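Only one structure is covered here, and it is reproduced in the block below.
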Amino acid sequence: MSTVPRAPGAPPGPPLWLLLELTYRCPLHCVFCYNPVDFVRTGAELDTQAWLRVLREARELGAVQLGLSGGEPLSRPDLEVIVAEAHRLGFYTNLITSGVGLDEPRIRALKAAGLDHIQLSFQDSTRQMNDFLSSTRTFELKARVAALIKQYDYPMVLNVVLHRLNIDHVEDILAMAERLGAEYVELANTQFYGWAWHNRERLMPSRDQVARAEAATMRFRERVGGAMRVFFVVPDYFESRPKPCMNGLGSVFLTVTPDGTALPCHAARMLPGLEFPNVRARTVREIWYESQAFTHFRGDGWMKEPCRTCPERHQDFGGCRCQAYLLTGDAANADPVCDRSPHHHLVTAAVARADAGAEEERPLVFRSPANSALLSS
């Protein structure tokens, strides 16, 4: 979703993009999942009425784009009720799903409820690697779901998270997308938060791998022309400038986690020193305009050097606060992806290890309640 940059010092606009993480329950066990590693420690999920109230309050505030994710949002039996209310309120609704649980009766009900968009994830182009990376047997199921999405006249939108273990398969992934009739494909290189951070040394690709994958994507684009739109999201670690994360925290994006905690980005719960409000106790308006969690990193008053005087600070907003915290221990530091950051060497060192083919001896840790309990104990 594109946004119009605000003038420095201007009051915040509304949270145009609302993401509801309806549940952390998920049948998949992806090694790159962005859900928090300690998700078993979160509280009980909001009930249906609480989610409907959040929708009404956010829409009244000006939210227009709604993402429904998890975990696996199809795990919620009230998903159709939530979609129907969002449609009534005028949201554009996007279901982000693994496909598990989406059979014909369910997609028919979601269509009747007014769902606008479905984004289906694959882990790879082959059954063996798809099922290994998710620790499930879901490849054939996903193919059936892709056919259902086409049958019910939704745009076919595929998402594949790339990393060291599958990035060399980009040509095959795009060929699979073409066979499935995809109109849009997002090749989203892993961002290292959550479970991906824990597995970073095993998932970080080399520069050569990224270059080959990007070249393969360009060749495919040239061949198919406008028949398919392919987005290749370069991993942060291979850039010299950070991405404008969330267009700046507290600017356009608001996520609500399964237990009702409101966050300025899906990974922000890790940031120390912030008090994250809960929609059980505060209204969306209060959360957006008054809570410390949303105002603290809004604008540029929080910035330290080199960001404070950088002429690009209103373009990249200092980069990612979560990345700064994970790599440097201080969320107010410049994102180390930036080559002006005094901590940039931490990024280049991680890439150098990947270029050298170095891998940690410890095995991949798959997302699961048991592993979540173990890692958060």
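Data overview
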quantity: Given [x] 138; [y] 151; [z] 175, the label whose value is volume of the Cα convex hull per residue in Å³ derived from this model; calculated: [x]
quantity: Spin-label pair R241/R219, simplified geometry with 7 Å Cα→Cβ offset, distance in nm; calculated: 3.0 nm
quantity: Of L89, L74, G43, farthest towards positive along the dipole that unit charges on Lys, Arg, Asp, Glu beta carbons give region 14-126; calculated: L89
quantity: Lysines whose Cα lies under 28 Å from that of K111, excluding same-chain neighbours fewer than 8 positions away; calculated: K142, K150
quantity: Accessible surface of region 287-358 [probe 1.4 Å, protein heavy atoms]: carbon and sulfur percent; calculated: 52 percent
quantity: For region 281-334 and region 138-199, distance of Cα centres in Å; calculated: 31 Å
quantity: Relative packing of peptides 322-331, 138-147 - highest average C-beta neighbours within 10 Å first; calculated: 322-331, 138-147
quantity: Using θ = phi - 60° and Karplus 6.51 cos²θ - 1.76 cosθ + 1.60, couplings along region 369-377 (whole Hz; Gly, Pro as x); calculated: x, 5, 5, 4, 4, 5, 6, 9, 7
quantity: Net charge contributed by nearby residues that have their C-beta within less than 15 Å of E140 (K/R +1, D/E -1); calculated: +2
quantity: Dipole magnitude of region 309-377 about its Cα centre (Cβ charges: Lys, Arg +1; Asp, Glu -1), debye to nearest 20; calculated: 220 debye
quantity: Cα lying deepest toward the dipole's positive end in region 168-223, options M176, A188, S206, charges on Cβ; calculated: S206
quantity: Extension gain, E171 back to R56 (0.36 nm per residue minus Cα-Cα distance, nm); calculated: 37.1 nm
quantity: The chain, accessible area per residue, ligands and nucleic acids excluded (1.4 Å, Å²); calculated: 42 Å²
quantity: Heavy-atom accessible surface of region 197-271: percent carbon and sulfur, 1.4 Å; calculated: 53 percent
quantity: Cut-off 13 Å between beta-carbons: net charge of the residues surrounding A175, Lys and Arg +1, Asp and Glu -1; calculated: -1
quantity: Listed peptides 121-128, 276-283 by packing density, highest first (mean Cβ within 10 Å); calculated: 121-128, 276-283
quantity: Rough spin-label spacing in nm, given labels placed 7 Å along Cα→Cβ, for E275 and T348; calculated: 4.2 nm
quantity: Cross-link reach list, lysines versus K243, counting only Cα pairs under 28 Å and skipping chain neighbours closer than eight places; calculated: K304
quantity: Rel. contact order, % - alpha carbon contacts under 8 angstrom, at least six apart, the chain; calculated: 20 percent
quantity: Neighbour net charge for N159 - beta-carbon separation under 12 angstrom, K R +1, D E -1; calculated: 0
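The values are calculated or read from the model by the stated rules, or taken from the named source; none is laboratory data. Since this is a predicted model, take the numbers as computed values, not measurements. Reconstructed Cβ throughout: ideal geometry from the backbone, glycine too, with neighbour counts over all protein chains shown. Side chains are part of the model used for accessible areas, which takes the heavy atoms of the whole protein and leaves out ligands, DNA and RNA. Shrake-Rupley method; radii C 1.70, N 1.55, O 1.52, S 1.80 Å.
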